1. Would a scan of segment B:69-82 turn up a residue that is touching a strand residue (DSSP E or B) at 6+ places or on another chain (Cβ under 6 Å), in contact (Cβ under 8 Å) with a residue 12 or more places away in the chain and on the phi < 0 side of the Ramachandran plot?
2. Among the residues of segment A:188-212, count how many are crowded, with 22+ Cβ neighbours inside 10 Å and more than 7 Å from every other protein chain (Cβ to nearest Cβ).
3. Return the pairs, sorted by first residue and then second, in which the second residue is assigned to a helix (DSSP H, G or I), the first residue lies in segment A:32-54 and is without any contact (Cβ under 8 Å) to a residue 60 or more places away in the chain, the beta carbons are less than 8 Å apart, and the residues are 6+ apart or on different chains.
4. Only residues that are of a type in the set (S, T, N, Q) and touching a residue at least 60 places away in the same chain (Cβ under 8 Å): list them for segment B:277-304, please.
5. Helices (runs of 4 or more DSSP H) wholly in segment B:425-526 with at least 1 residues that are more than 30 Å from A:Gly209 (Cβ to Cβ) - which ones?
6. I want to confirm something. Restricting to segment B:318-357 and keeping residues that are within 15 Å of B:Lys151 (Cβ to Cβ) and over 29 Å from the mean Cα position of the chain (by Cα), which single residue is surrounded by the fewest Cβ atoms within 10 Å (Cβ to Cβ)?
7. Mind checking which residues of segment B:17-76 are of a type outside the set (Val, Ile, Thr), within 24 Å of A:Thr172 (Cα to Cα) and more than 31 Å from the chain's Cα centre (by Cα)?
8. If you scan segment B:56-72, which residues turn out to be farther than 19 Å from B:Leu462 by Cα, among the hydrophobic types (A, V, I, L, M, F, W, C) and part of a helix (DSSP H, G or I)?
Protein chains: 2
Amino acid sequence: MAAEQDPEALAAARPLLTDLYQATMALGYWNAGRAREQAEFELFFRGCPFGGAFALAAGLRDCVRFLRAFRLQDAGNVQFLASVLPPDTDPAFFEHLRALDCSDVTVPLLQVCGPLLVVQLLETPLLCLVSYASLIATNASRLRLIAGPKKRLLEMGLRRAQGPDGGLTASTYSYLGGFDGSSNVLAGQLRGVPLAGTLAHSFITSFLGTEVPPDPMLAPAASQGPRVDLAACAEAWLDRVCAHLGLGVQEPHRGERAAFVAYALAFPRAFQGLLDTYSVQRSGLPNFLAVALALGELGYRAVGVRLDSGDLLQQAQEIRRVFRSISAQFQMPWLESVSITVSNNIDEEELTRLAQEGSEVNVIGIGTNVVTCPRQPSLGCVYKLVSVGGQPRMKLTEDPEKQTLPGSKAAFRLLGADGSPLLDLLQLAEEAPPRAGQELRVWPRGAQGACRVRPAHVEPLLRLWVQQGQLCEPLPSLAESRAFAQLSLSRLSPEHKQLQQPAPYRVALSDKLQALVARLRAGGSS
Amino acid sequence: MAAEQDPEALAAARPLLTDLYQATMALGYWNAGRAREQAEFELFFRGCPFGGAFALAAGLRDCVRFLRAFRLQDAGNVQFLASVLPPDTDPAFFEHLRALDCSDVTVPLLQVCGPLLVVQLLETPLLCLVSYASLIATNASRLRLIAGPKKRLLEMGLRRAQGPDGGLTASTYSYLGGFDGSSNVLAGQLRGVPLAGTLAHSFITSFLGTEVPPDPMLAPAASQGPRVDLAACAEAWLDRVCAHLGLGVQEPHRGERAAFVAYALAFPRAFQGLLDTYSVQRSGLPNFLAVALALGELGYRAVGVRLDSGDLLQQAQEIRRVFRSISAQFQMPWLESVSITVSNNIDEEELTRLAQEGSEVNVIGIGTNVVTCPRQPSLGCVYKLVSVGGQPRMKLTEDPEKQTLPGSKAAFRLLGADGSPLLDLLQLAEEAPPRAGQELRVWPRGAQGACRVRPAHVEPLLRLWVQQGQLCEPLPSLAESRAFAQLSLSRLSPEHKQLQQPAPYRVALSDKLQALVARLRAGGSS
């Protein structure tokens, strides 16, 4: 299995990105003659994040990339491990590590089967790759549910992430969760996430208005007719705009206007204005209108404005009102529908407000509150041993929260006649799958007893992605995963999609799995 | 300035890890003929995190590494930018980008001076590199203040971080902030962070007790005398331990004991037991004692136990009591002081409890609550333009929180006769530095008027690290930065170090800077 040679793979392929105890346990297994014993781990989380009843599981692509590139032979990795393990460690152990790869590993998402030593070593990196990806995908999907389908949602949290890679993961998986794009250029380059971005306040404040542009002339959009001095044209429009708005023509900041003109000269077909560097109503808005109308005369249509402070909803309403009034006054009908983008620490509550009926906001940029998931900044993913040498294993701690479900399993989604999920069923891998139309007894988690269910449809939930180190089918593209996530969410019943106090989604055990749990709890051979 | 060729530099040196608007603004500046104009940005945050009155600024090394490696020429970077910028963009702009590096950039922490286009492009990556590093260093320093100097603090949050690099940053900067080490092997390999780690529950549950170890024999520590069957020896000790503790000899789980024996055979000089897989009192503790005493007979000293669930403080007290009693009973005095490590979702409140007088906990592992900084998962670092072409710039928004301090500045710490800080002074770079013993008038931030201060000592706070692209002095090592951070914290007065409702640390402006702010606010030439 060859390592991919793209830069992402190189960055991800750091086999020592792991907790030290994985290496000490590897030595323990090796020393006990158990390194090659066949084992199975499950990667899962115990509760849905943010108080919700659903989660998007994400990170498969990164996991597969990691597995394919996993090697300890290079770059002093084994030498480094030797430096932190006992000095009298048998050199044959390090030979074993040097020869390791994942060619005996099988991965249906989120089970990992293979030699005990190898699948143990994979714990930390796989948790690291799945946990945050799933958390932010779920967070993004919640924000999408709040925003509704029509608002454009942009992730712009790179600077608030946990370093470069946190930012890349955030941009990738917030897109998967339902955002429309990101400001993060690397996510565009490496993952194909649609990009968005225009200008910051620094661009505006860098202009005094005394600068002389090298070339203030702009040709009409249709490339016919003479070139026009855009700066002069904007000054002329400013007089008319100020007169209409009842503003003194000296009020709008000339440096801001010069910045808008400079930006418009660079992006005549994609002009946007950032309105709140000085004063939205007295400077940013009239300056934007002056430049947009000057462009409009040349046949170009400005595409948007952005607000980054103050009461975003209320300002959007006022700006739309001005757009309508100016549009009518100067017969520029396209101006009415110029897009209004807002940003500034938008959380679920503020997003609810911005998405309300009648809101004039079109595009919403979210940074901190999508990237850091402040309601719950981590998903408690765990990776637990469920089987060794074909025998089930169970962690029987005194803390019932931390007990695990033993044995190699299969998982099915049981659906009603209308296609909506009834519950997800976990059973032992050896059991026959449930059949549509057939009643079966199941043991819902968290309930006292069994109940009966008759699914109209049955869907297997686990797909085999890697078998004996080989990819079984092409991985879905990011866009395909995004579409799949949205489809899955659309099929979830509204009671589970509620963001506060939802009806818990039901997961049940089969008779046989329930019996195995009971037997192991009672101290039967485990 | 040559890029470093170590793997870290390769990972960090991704110039497209930036927001798209940096690239659109770059085109705007270039188009306006202003790309090479000399500009200065400041990187800062407006409030200390977590409701505290101090913060550790961190990330300098990563920033310098990024600057030294910053190039757009390679790997299709410019081609990718061309694909997201207007199709009719002047090819000369892309030529300009291809030739870019940071050879004209000067960086005293946290000012960045250089050509306008370049220093604008640096905004997002520098924010990304400083913001989380400072946040987690500060978080770690708070946890260290709570724990006191004697408890060992270990970071083990890799699996809870925002992807691989978030984990690496977390491990590195929690060490800088005062932790003693990390579980993250890559942080040890790349950054020299001390490592710690032993075994997980899966290692324990993978053993049934029926496995036959390839070699159960262990030589004495002193290498003299015959080899002994450690498993058999542990069984013999188990009888004596159970008798002493009043337990049936069948109660301790034999698989757990087999796991301990296997681990002890691999690590006879560093044996640790994880006690809570089944039952601490009835299984984990007696099994640990049996193996530790068997090792003890051979001259080895077990080094510790770990608890990962339940009431950690109370269990530690009980375990220490048993250690003392067994130590006395079997005349193994070293057993009294075997280290007790605890982990499991430890936050500031729980840490306060674990660090209380009389606590028997020695080592505390913290994952989620150090890595995700749940009290405040991001630091609002900003990067603001303060000067272009030697002229001060100021963002004069209607939101007073978002106004900036204009002009190129110097910063000094004014200290009292006892060496404790009085306040930090910001003044214009052109002003003469304050002198020890000389009274001066300053304008404290957040206060209405001026006050007078006479410092006994004056320390400049800004150090020049990169001048015209060249490193001015060697960067401190991580260990040196860690020592410097601890020294700085030790000099901070207790009222500022309080973690809840501390006295705010005072920052003041000089007369001239205050006057410049007033002039620009009043609409003077900016």
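The values are calculated or read from the model by the stated rules, or taken from the named source; none is laboratory data. Treat the numbers as computed from the prediction; the structure is a model and nothing was measured. Positions of Cβ are backbone-derived with ideal geometry, glycine not excepted, and every protein chain shown enters the neighbour counts.
1. Kept after step one, since they are touching a strand residue (DSSP E or B) at 6+ places or on another chain (Cβ under 6 Å), are these residues of segment B:69-82: none.
Scanning segment B:69-82, I find no residue that is touching a strand residue (DSSP E or B) at 6+ places or on another chain (Cβ under 6 Å), in contact (Cβ under 8 Å) with a residue 12 or more places away in the chain and on the phi < 0 side of the Ramachandran plot, so the answer is no.
2. Residues that pass the stated criteria total 3.
3. A:Ala32/B:Ala262; A:Ala32/B:Leu265; A:Ala32/B:Ala266
4. Of all residues in segment B:277-304, those of a type in the set (S, T, N, Q) come to B:277, B:279, B:281, B:283, B:287.
The one that is of a type in the set (S, T, N, Q) and touching a residue at least 60 places away in the same chain (Cβ under 8 Å): B:Thr277.
5. Numbers: elements: B:478-491, B:494-497, B:511-521.
Per the criteria, B:478-491, B:494-497.
6. So the residue we want is B:Ser337.
7. Hits for segment B:17-76 are B:Met25, B:Asp74, B:Ala75, B:Gly76.
8. Hits for segment B:56-72 are B:Phe66, B:Ala69.
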